[in-house]
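Worksheet: the structure to be examined is printed underneath.
The values are calculated or read from the model by the stated rules, or taken from the named source; none is laboratory data. Because the structure is predicted, anything quoted here is derived from the model rather than measured. All Cβ positions, glycine included, derive from the backbone under ideal geometry; neighbour counts span all protein chains shown.
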Amino acid sequence: MSCKTFTIVSLCVAGGVAFSAGAVEGLDDPHLSVIPRTAEETARIQAVTEPTTDFTQPERFEAMSAGAATVRPRANRDAFSQPSANIGFDGELDFKVGNGLFKKIWVSAPSSTLASDGLGPIYNARACQRCHIKDGRGHPAENAEDGAVSMFLRVSIPGGEGPEGIEDWIATQPDPVYGRQLQDFGLPGHPAEYRLNITYEEVEVPLSDGETATLRKPTYTAADLGYGPLHPDAMLSPRVAPQMIGLGLLEAIPAADILAAADPDDADGDGISGRPNIVWSVEHDRPMLGRFGLKAGAPTVKEQSAGAFVGDMGISTPLTPANWGECTEAQTACREARHGGDARDDGFEIAMEGLDLVTFYSQNLAVPARRDIDDPEVLRGKQLFYETGCIACHTPKHVTHRLDGQDAQSFQLIWPYTDLLLHDMGEGLADNRPEGRANGQEWRTPPLWGIGMTEQVSGHTYFLHDGRARSLLEAVLWHGGEAEEARDQVVEMPKSDRDALIRFLESL
């Protein structure tokens, strides 16, 4: 047995993961008012979350992807923009105000509209909604006229120091000139940091039954650098804005349940080595389980939101107080520019009240109900999804904490198809840039709920962390590393089975 210490808590690993109550409490969000589960509830949860072996009919409650928070699927682009079905009248009011802030167009300071100024001076977007269009998935530029507004490059260099007490942390630090994120817009008088340039190489993949798939292998270049060269050791990572639904429910999955599925040394020999990303919480000043972001680099929806405000728009918050946003010490004109910090907001460009409302909105964007769950082809595809081992990472079901005062996320059986752990996805998908405990080949398992509605909501079918996959099949074929065996089974299965597998994914 080996024990790993995260500051004041211990996590002991023996095969799977065993943990102390203190360790788990330290990794859950302290703001969650958790009502402990009874022994009877624990037994019920274990039984209900056990993977099914019957694929002749849908499982009970399978259509309700988000439990009581599930909403009826809409047939238009607003399908991801509905409030959770169970938040009540007061919750709907907060949701609408948060939505207004999420859509707000920020402007440069000084402005006559004090509540909306403070943009930049360098930035990627002027509103949250500009990246998460219709609360859905972003996309890479499709042509020269299509800007990269829902995509950017993260950047860092090796070295520096990690948070004290978190083992296996891979230390990185900001690029000395460009920081941790490249911004492709600037206010007048402030050059943009770069222009994202993408080229693709076509790669053919032979499939069974004489079929062939074509993948596009991207190369990313930070062109037209506005402040001189990048550091010679700069590591770049492309990121497309992910869809927003169900975030509050993912936040409410007990850390104990996520850690119980971790198997960092592959002790059971199944080839799957899920690892938790343990990160430092700025808000709570302690290590916590990373859940959000493509490498699980953020512990809570609030911290993920605050990071987006300052990084994407240059908007300061109580958790990210730099009014100049991502401007580095080398960008002196950027730091010395006028900002929008308002005394009424304690000097920040958005106060805690506004950040809380955006957080509430993000936590309560509803997951639409499943479609066609009793369709024979969907059921066949579900069986193949299970039998090829996809559920080893894309865990179908979880039950959230029982929470006091947070009814929308409390004690819900949800079907997100993720374990929220890090997995080695192979060299093909590697960005070769660490983040926390995640190495350059590891990514957090993305939730799959709602993935079949991507084209309806976002107007495209681009998937994976950088949108390189143009279809769900291409996304599957890019899987490597721990998922290579499952991917090979998809390549070799009859075309009718591949079609059924994709049909199942489209029903999610």
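Summary table below
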| read-out | value |
| --- | --- |
| Residue list for the stretch 392-412, filter: touching a strand residue (DSSP E or B) at 6+ places or on another chain (Cβ under 7 Å) and not in a loop (DSSP other than H, G, I, E, B) | 398, 399, 402, 403, 409 |
| Residue count for the stretch 164-215, restricted to those that are over 23 Å from the mean Cα position of the chain (by Cα) and not in a loop (DSSP other than H, G, I, E, B) | 20 |
| Top-ranked residue of the stretch 154-171 - restricted to ones that are touching a Ser or Thr at 6+ places or on another chain (Cβ under 6 Å) and closer than 30 Å to residue 136 by Cα, ranked as surrounded by the most Cβ atoms within 10 Å (Cβ to Cβ) | 156 |
| Residue within the stretch 103-115 that is of a type outside the set (Ser, Thr, Tyr), farther than 26 Å from residue 195 by Cβ, touching a residue at least 60 places away in the same chain (Cβ under 8 Å) and part of a helix (DSSP H, G or I) present | yes |
| Of the criteria (1) outside any helix (DSSP H, G or I); (2) in contact with an Asp or Glu (Cβ under 8 Å, 6 or more places away or on another chain), which one residue 482 fails | (1) |
| Odd one out for residue 249 among (1) part of a strand (DSSP E or B); (2) surrounded by 22 or more Cβ atoms within 10 Å (Cβ to Cβ) | (1) |
| Residue that is surrounded by the most Cβ atoms within 10 Å (Cβ to Cβ) [pool: residues in the stretch 127-153 that are in contact with a strand residue (DSSP E or B) (Cβ under 8 Å, 6 or more places away or on another chain) and in a loop (DSSP other than H, G, I, E, B)] | 137 |
| Qualifying residue in the stretch 338-352 (condition: over 15 Å from residue 308 (Cα atoms), at pLDDT 95 or above, among the small types (Gly, Ala, Ser) and surrounded by fewer than 20 Cβ atoms within 10 Å (Cβ to Cβ)) | no |
| Test: residue in the stretch 492-501 that is touching a residue at least 60 places away in the same chain (Cβ under 8 Å), more than 25 Å from residue 219 (Cβ to Cβ) and under 19 Å from the mean Cα position of the chain (by Cα) | no |
| Candidate set: the stretch 54-99, residues that are free of Cβ contacts under 8 Å to residues at least 12 places away in the same chain and more than 16 Å from residue 363 (Cβ to Cβ); chosen: the one surrounded by the fewest Cβ atoms within 10 Å (Cβ to Cβ) | 89 |
| Selection status of residue 455, free of Cβ contacts under 8 Å to residues at least 40 places away in the same chain, in a helix (DSSP H, G or I) and over 17 Å from the mean Cα position of the chain (by Cα) | yes |
